[in-house]
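Data block below; observations after.
Computed from the coordinates by the stated procedures, all read-outs in this text should not be read as laboratory data. Keep in mind that what you see is a predicted model, and the values were worked out from it rather than measured. Cβ placement follows ideal geometry from the backbone for every residue including glycine, while neighbour counts extend to all protein chains displayed.
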Amino acid sequence: MNAFLWQEMAQLTGEHFVLVLVSMAIAVAIGLPTGVLLTRRAALRTPLLGFANVLQTIPSLALFGFLIPIPFIGGIGKRTAIVALVLYALLPILRNTLTGILGVDGAVRESAIAMGMTGRQMLWEVELPLAAPTITAGVRIATITTIGTATIAAAIGGGGLGVFIFRGIASVDTTQILAGAIPAALLALLSDGGFSWIERRFSVS
Amino acid sequence: MTAALEFRQVSYRIGGNLILDNLDLRLEPGRTLVLLGRSGSGKTTALKMLNGLLVPSAGQVLVEDRATTDWDLIELRRSIGYVIQEVGLFPHFTIAQNIGLVPRLKGWPPERIRARVSELLHQVGLDPAQFLERHPRQLSGGQRQRIGVARALAAEPKLLLFDEPFGALDPVTRAELQDQFLELRKRFQKTSIFVTHDVREALRLGTDIALLARGRLEVVATPAEFVKADTPEARAFLSTLE
């Protein structure tokens, strides 16, 4: 392995990390409030979860491909990659937010209402803290999946560690494939460790 | 004398079922009314109307001469203590935070809340030094319900609601908490509504007993009168006293 490969590996790992971070930030920013909304509007649950479920079943390479011709969110490059990664990450976040909040003990919920908590106080002081471990677990799953899926972003010019993998496949070069796969796996392991630390900190109840 | 609370021709219907049928009942301040009845008799439904957890399908429920539908519900609930069988303490709050909840919602200064919480722990027979910083999961069922009672009393409510609060406890702990209930009643003279299906508990704790059967009020009496009541449901309940 030469110095150039190391340098490129560092750069692509950084790119990959940013791709995942930005996608997850957007996915949480959309998924968490929508999940909360679903706890309040039961009628929306089936259509929205169904939509997120369908998204999940589209093969990732195909989803990236589908997005290319779409104006504004599509095209070639990072933006399209991020849109696709966000769509994939939504379901676990949405579902776990819903499950976590609906899982709050009925007696606790009834007490909170009977003590005269407002809807907002109930959400911030009771529902979200008690659902936090479940929500974190959802974000954890979404993050690990996104780290893997993000390697496909290279296929549509999104950059990241997939660049190595696609180049390695094209040139039948195992070193290149590993240079993409190993950092991606390490990134996944590190995030997993980070999340399990966060989950331990949250699990007071 | 104005009534602390009053049910005026209150009915409650869910689906096709009539849960409460034309309930008329009033209670003077400072008294303890026990709502006695079997499961499904409508006693819990009646209780939950007082703090607006349920709204009558017909008729009016009045607290201090004002219909619950005319109250600001948040304000009303913060002035009513509520104790349920499952206790419902917040698992992620310490005991101090649990008891101090309503005072905090009402914006009491922290020092006043702290003093109040310690005072209440004493009153329910628990040592503040030992319990303040614990979490509910570290407590026994009886201790948890003591905290539940302390939480209900915290913000000096005008009315206390108890929904089978001691139903899940072992007989010894249950008797201890009943004793404590009587002691607190003597000390504070707070208007209380107490739901139970245990006639013994009703006779022991109530100043008044209202017997409900299938959503209808069958008997309203003091404990002394109640033991002589001669209606089918009253006889059924009294026959459990051997």
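When you check B:Ala202 against the structure, is it surrounded by 20 or more Cβ atoms within 10 Å (Cβ to Cβ), without any contact (Cβ under 8 Å) to a residue 24 or more places away in the chain and not in a loop (DSSP other than H, G, I, E, B), yes or no? No; evaluated as a whole, the condition is false for this residue. Restricting segment B:72-109 to residues that are within 11 Å of another protein chain (Cβ to nearest Cβ) and of a type in the set (Phe, Trp, Tyr) leaves a set whose member that is nearest to B:Val34 (Cα to Cα) is B:Tyr82. Pairs meeting the criteria (first residue in segment B:229-242 and under 14 Å from B:Gly37 (Cβ atoms), second residue small (Gly, Ala, Ser) and assigned to a helix (DSSP H, G or I), beta carbons under 9 Å, at least 6 apart or on different chains) are B:Phe237/B:Ala202.
When the residues of segment A:110-138 are filtered to those that are part of a helix (DSSP H, G or I), among the aliphatic types (A, V, I, L, M) and within 10 Å of another protein chain (Cβ to nearest Cβ), which remaining residue is surrounded by the fewest Cβ atoms within 10 Å (Cβ to Cβ)?
A:Ala132
Within segment A:74-109, the residues that satisfy the criterion of being over 18 Å from the mean Cα position of the chain (by Cα), away from chain B (no Cβ under 14 Å) and either outside any helix (DSSP H, G or I) or free of Cβ contacts under 8 Å to residues at least 24 places away in the same chain (or both) are A:Gly74, A:Gly75, A:Ile76, A:Gly77.
If you go through segment B:1-10 and keep only what is crowded, with 17+ Cβ neighbours inside 10 Å and more than 20 Å from B:Ser79 (Cβ to Cβ), you end up with just B:Val10.
When you scan segment A:147-166, do you find a residue that is of a type outside the set (Lys, Arg), free of Cβ contacts under 8 Å to residues at least 12 places away in the same chain and outside any loop (DSSP other than H, G, I, E, B), even just one?
Scanning segment A:147-166, I find no residue that is of a type outside the set (Lys, Arg), free of Cβ contacts under 8 Å to residues at least 12 places away in the same chain and outside any loop (DSSP other than H, G, I, E, B), so the answer is no.
Before we move on, is A:Thr97 hydroxyl-bearing (Ser, Thr, Tyr) and buried (at least 23 other Cβ atoms within 10 Å of the Cβ)? Considered against the rule, which asks whether it is hydroxyl-bearing (Ser, Thr, Tyr) and buried (at least 23 other Cβ atoms within 10 Å of the Cβ), A:Thr97 comes out as yes. Within segment A:110-127, the only residue that satisfies the criterion of being touching a residue at least 40 places away in the same chain (Cβ under 8 Å) and in contact with a Gly (Cβ under 9 Å, 6 or more places away or on another chain) is A:Glu127. The condition of being crowded, with 20+ Cβ neighbours inside 10 Å, of a type in the set (Phe, Trp, Tyr) and free of Cβ contacts under 8 Å to residues at least 60 places away in the same chain holds for B:Phe226. Please determine whether any residue of segment B:62-83 is surrounded by 17 or more Cβ atoms within 10 Å (Cβ to Cβ), part of a strand (DSSP E or B), in contact (Cβ under 8 Å) with a residue 24 or more places away in the chain and over 14 Å from the mean Cα position of the chain (by Cα). Checked segment B:62-83: at least one residue is surrounded by 17 or more Cβ atoms within 10 Å (Cβ to Cβ), part of a strand (DSSP E or B), in contact (Cβ under 8 Å) with a residue 24 or more places away in the chain and over 14 Å from the mean Cα position of the chain (by Cα).
Considering segment A:183-205, the residues that are touching a Leu at 6+ places or on another chain (Cβ under 9 Å) and away from every other protein chain (no Cβ under 14 Å) include one that is farthest from B:Phe93 (Cα to Cα), namely A:Pro183.
For segment A:1-56, a residue qualifies if it is surrounded by fewer than 18 Cβ atoms within 10 Å (Cβ to Cβ) and either closer than 16 Å to A:Leu85 by Cβ or under 13 Å from the mean Cα position of the chain (by Cα) (or both), and the qualifying residues are A:Val18, A:Leu21, A:Val22, A:Ala25, A:Ile26, A:Ala29, A:Ile30, A:Leu55, A:Gln56.
Residues are listed down the side, and each one gets a yes or a no for (1) closer than 30 Å to B:Lys43 by Cα; (2) surrounded by fewer than 17 Cβ atoms within 10 Å (Cβ to Cβ):
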position	(1), (2)
B:Gly100	yes, no
B:Gly107	no, yes
B:Ala115	no, yes
B:Glu119	no, yes
B:Leu126	no, no
B:Gln130	no, yes
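Looking only at residues in segment B:15-36 that are touching a helix residue (DSSP H, G or I) at 6+ places or on another chain (Cβ under 7 Å) and either within 19 Å of B:Leu160 (Cβ to Cβ) or in a loop (DSSP other than H, G, I, E, B) (or both), the one that is nearest to the other protein chains (Cβ to nearest Cβ) is B:Leu35.
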